[in-house]
Amino acid sequence: MSGPAKRTVLTGLRWTSLRLRLVVVFGLVALTAAVSASGIAYWLNREAVLTRTQDSALGDFRRQMQNRAAALPTPPTRDDLQNAATQMASSSPGYHVLLVDEHEGKPIVGYSDLDSFTRQDVPASLQKQVGKKQPMTSGNTFEYHLFWQRTSIGGRPYLVAGTKIIGGGPTGYMLKSLDQERQDLNSLAWSLGIATALALVGSALLAQGAATTVLRPVQRLGDAARKLGEGKLDTRLMVSGTDELADLSRTFNRTASALEKKVADMSAREESSRRFVADMSHELRTPLTAITAVAEVLEDEADSLDPMIAPAVHLVVSETRRLNDLVENLMEVTRFDAGTARLVLDTVDVADQVTACIDVRAWLDAVDLDAERGMMVRLDPRRLDVILANLIGNALKHGGSPVRVAVRIVGEELVIEVRDHGPGIPEDVLPHVFDRFYKASASRPRSEGSGLGLSIAMENAHIHGGDITAANSPDGDGAVFVLRLPRDAEGLTSEAGEHGTEDRNEEGGAT
């Protein structure tokens, strides 16, 4: 699986993704609506079914009590009650009947079906309410009323009702099974549940479609923004429609166009500035060569000149050399900026290279070298010399001797540590020590350098695939610069060579 495709899959699976949140929100809304609608529909249908069944059974039971039970002789015999209960049940819409009367203080009971309905099946509270005589008022003209109750017998739902004949007569009870209604309601509940599930699935599909419609332009916008961040400033989006996403795409295109123009202008100005510095440096070399030759002659004759003129001659010679170093450093910087610097590798003994660097500049008395011979590395000797000259020269100039240079091999890295014993580097200066033309000042003497030395050293370290770090010594005595380079920079030569060739100059010095 390719990288971009993998990112897309991971984005779709993340719990915090907008797509998943849209699907969840749509699902919750649909689930809430479906459950609410299903619940209301179930409740309304349940009440309608039960009420219809209940009203039908109670109405028929009331008529049967009025027509049959009220017509029984007083007092009725058990057979009379039995026959009346059987007739009432046989003509009823599926319920059982129980008739109860008293003769000489003894209860007489008639059953339509002794196995299905007995007096024990009638709740005591219902029996008490049915046998209770109601007070006669203007709003109530009957002593006894019909009462009903829903109950469960053997795990099955039933409707139990009872009433008493007014003016003396038996008490009747009926038992109506609600099992068929329960099955119908269960079927309805299953249907509503399936409908809810289908609504949930439909909402998820709808949310997915909506999320795709919304997120596809957003994803294209994100891809375009990534390309723009990678430097592909000609990236543009196809715009269609008039909605907010189309407006966003147009805004992105306008922004990208403005950014491309701005970067092009800045690149042109930077290239022009770099070309100017390079041309100026090259143009200065010819007159500087002549001036340097004259300055050297004047320096040789300084002792025979008028004492009033000799200081001026020494000043001219010093400033000429400084100007010459500045021009060489500017040319080196322009090579790095133009990308024409490359490595010329050779296998060398690091200890010999460091010793040669120190010796040619007459620093042997001021530098304490800790390096074992035999540490062979493959790098560009001239650039290593430039790095060491700048680091050691900077330590001698600003930190003071003794300067200690320690060389060691750590794994596949060459590590060179340059430590001085000066006042150290102020904390606010540390982040800027490798900046071009940056000169720190208050705690260090005024520098006569160009301010390019350490930045050139860092560029030479980077072209090797290494780095330089600056810090203060943990014991508070001086600054420590640590150079880290790969032991073999062979892999970098092809990459560096793609940038072109460089002019080889005389060996660099401390700046």
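The values are calculated or read from the model by the stated rules, or taken from the named source; none is laboratory data. Remember, predicted model here, so these are calculated numbers, not experimental data. All Cβ positions, glycine included, derive from the backbone under ideal geometry; neighbour counts span all protein chains shown. The accessibility values were calculated without ligands, DNA or RNA, using every heavy atom of the protein model including side chains. Shrake-Rupley method; radii C 1.70, N 1.55, O 1.52, S 1.80 Å.
What the table shows:
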quantity: E448 open to solvent by 10 Å² or more (accessible area, probe 1.4 Å), modelled with pLDDT under 85 and not aromatic (F, W, Y); calculated: yes
quantity: Unmet criterion (only one of (1) under 30 Å from V333 (Cβ atoms); (2) open to solvent by 60 Å² or more (accessible area, probe 1.4 Å)) for A264; calculated: (2)
quantity: Check on I416, in a strand (DSSP E or B), touching a residue at least 60 places away in the same chain (Cβ under 8 Å) and closer than 17 Å to S473 by Cα; calculated: yes
quantity: Yes/no for Q129 being in a helix (DSSP H, G or I) and either farther than 29 Å from R46 by Cα or at pLDDT below 85 (or both); calculated: yes
quantity: Selection within the range 111-126 - in a helix (DSSP H, G or I) and either touching a Ser or Thr at 6+ places or on another chain (Cβ under 6 Å) or open to solvent by 40 Å² or more (accessible area, probe 1.4 Å) (or both); calculated: R119, Q120, D121, A124, S125
quantity: Matching option when the condition is crowded, with 17+ Cβ neighbours inside 10 Å, at pLDDT below 80 and either out of contact with any Ser or Thr (no Cβ under 6 Å at 6 or more places or on another chain) or farther than 29 Å from A406 by Cβ (or both), among E328, E319; calculated: E328
quantity: The lone exception for I108 - which of (1) surrounded by 14 or more Cβ atoms within 10 Å (Cβ to Cβ); (2) within 22 Å of D60 (Cα to Cα); (3) not aromatic (F, W, Y) it fails; calculated: (2)
quantity: Of all residues making up the range 375-404, the number that are surrounded by fewer than 22 Cβ atoms within 10 Å (Cβ to Cβ), of a type outside the set (A, V, I, L, M) and more than 14 Å from R419 (Cα to Cα); calculated: 4
quantity: Selection within the range 455-490 - farther than 19 Å from M375 by Cβ, assigned to a loop (DSSP other than H, G, I, E, B) and either open to solvent by less than 20 Å² (accessible area, probe 1.4 Å) or of a type in the set (D, E) (or both); calculated: S473, D475, D477, G478
quantity: R275 being within 29 Å of the chain's Cα centre (by Cα), free of Cβ contacts under 8 Å to residues at least 24 places away in the same chain and in a helix (DSSP H, G or I); calculated: no
quantity: In the range 455-510, residue modelled with the highest pLDDT [restricted to those that are of a type in the set (S, T, Y) and more than 15 Å from R382 (Cβ to Cβ)]; calculated: T469
quantity: Contacts under 6 angstrom Cβ, first residue in the range 423-435 being more than 22 Å from I456 (Cβ to Cβ), partner outside any loop (DSSP other than H, G, I, E, B) and of a type in the set (G, A, S), 6 or more apart; calculated: G424/A479
quantity: Selection from the range 41-71 of residues that are surrounded by fewer than 17 Cβ atoms within 10 Å (Cβ to Cβ) and within 60 Å of the chain's Cα centre (by Cα); calculated: A41, Y42, W43, L44, N45, R46, E47, A48, T51, R52
quantity: Search result, residues across the range 116-147 that are within 20 Å of L50 (Cβ to Cβ) and either among the aliphatic types (A, V, I, L, M) or touching a helix residue (DSSP H, G or I) at 6+ places or on another chain (Cβ under 6 Å) (or both); calculated: V122, L126, L146, F147
quantity: Qualifying position, being open to solvent by 10 Å² or more (accessible area, probe 1.4 Å), part of a strand (DSSP E or B) and polar (S, T, N, Q), among T347, T355; calculated: T347
quantity: Residue that is out of contact with any strand residue (DSSP E or B) (no Cβ under 6 Å at 6 or more places or on another chain), over 30 Å from R436 (Cβ atoms) and charged (D, E, K, R), where the choices are E319, E299, E332, E328; calculated: E299
